[in-house]
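Report on the structure given below.
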Ligand SMILES: Nc1ncnc2c1ncn2[C@@H]1O[C@H](COP(=O)(O)OP(=O)(O)OP(=O)(O)O)[C@@H](O)[C@H]1O
């Protein structure tokens, strides 16, 4: 579904990704792992077209999106759950979800689709039913992450991208979020997950990439990367290391 071909990208002429080639096949979970500053967020923001591409090509379903604007990429169904959730704190859960639906609000069948999407996310996160009128900023970190994922799902994504969803969350909460990602894959969604928490992200992933200093240092089935102690030692700074 998504393909980087030898992409070099960065900020104000500094390079944060160098010659990166990677693929996210339809219906799979692909994880990008790496230490702080490796370029993981830059990879997601490159797809969202928030980062300048200096050379190489980016394709979505064989369509060249290298020069597209951020809003055009969203229109194609590429939706991001940003690092740190970035919910609208003073707004309620319901209002945050409505904002997620914005992309589809102009469609003739918007009312039916809204109800359908809402039923879908409430089935995934039943606890939100009781929290509908609560202000997002007053919720726990885990609950906020669930709202952030739900808000993205309201947009009916074809490709869901998550930037460090585990950040600041207890391991049990992370497990729950990752269980939901596995369920979304069962439902046919394509997912790109960026994580410092390498073990959990690679365990979940069909395929993984290890980034270090803007380059792909290793790639392969998630389980193979996870069980390679040399990778942990060299590139992952033992974050979430497999003992
Ligand atoms: N807005 C920006 N302007 C300039 N440089 C940036 C910007 N955002 C990131 N960088 C630089 O790009 C490089 C990659 O950063 P990036 O945030 O993609 O890494 P990361 O792997 O996501 O790390 P983290 O887990 O800390 O978010 C770093 O050297 C960083 O300083």
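We did not get these values from a lab; they are worked out from the coordinates using the rules stated. What you are looking at is a predicted structure, and each value in this text was computed from that prediction instead of being measured. All Cβ positions, glycine included, derive from the backbone under ideal geometry; neighbour counts span all protein chains shown.
Applying the condition of being farther than 21 Å from residue 79 by Cα and in a strand (DSSP E or B) to the range 1-16 and asking which residue is farthest from the ligand (Cβ to nearest atom) yields 6. Within the range 181-198, the set of residues being within 16 Å of the ligand (Cβ to nearest atom) and surrounded by fewer than 21 Cβ atoms within 10 Å (Cβ to Cβ) comprises 196 only.
Within the range 30-58, the set of residues being over 14 Å from the mean Cα position of the chain (by Cα) and not in a loop (DSSP other than H, G, I, E, B) comprises 52, 53, 54, 55, 56, 57, 58.
For the residues 115, 144, the requirement of being more than 26 Å from residue 30 (Cα to Cα) and in a helix (DSSP H, G or I) singles out 115.
Residue-wise test of (1) crowded, with 18+ Cβ neighbours inside 10 Å; (2) farther than 30 Å from residue 16 by Cβ; (3) more than 16 Å from the ligand (Cβ to nearest atom); (4) touching a residue at least 40 places away in the same chain (Cβ under 8 Å).
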position: 55; (1), (2), (3), (4): no, no, yes, yes
position: 73; (1), (2), (3), (4): yes, no, yes, no
position: 80; (1), (2), (3), (4): yes, no, no, yes
position: 87; (1), (2), (3), (4): yes, no, yes, yes
position: 109; (1), (2), (3), (4): no, yes, yes, no
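The set of residues in the range 169-212 being assigned to a strand (DSSP E or B) and closer than 25 Å to residue 233 by Cβ consists of 193, 194, 195, 207, 208, 209, 210, 211, 212. For residues in the range 17-29 being outside any strand (DSSP E or B) and touching a helix residue (DSSP H, G or I) at 6+ places or on another chain (Cβ under 8 Å), which is nearest to the ligand (Cβ to nearest atom)? Here the residue is 28. Summed over the range 30-43, residues that are near the ligand (Cβ under 8 Å from one of its atoms) and out of contact with any helix residue (DSSP H, G or I) (no Cβ under 6 Å at 6 or more places or on another chain) total 9. Just one of (1) within 30 Å of residue 109 (Cβ to Cβ); (2) part of a loop (DSSP other than H, G, I, E, B); (3) within 16 Å of the ligand (Cβ to nearest atom) fails for residue 166. It is (1).
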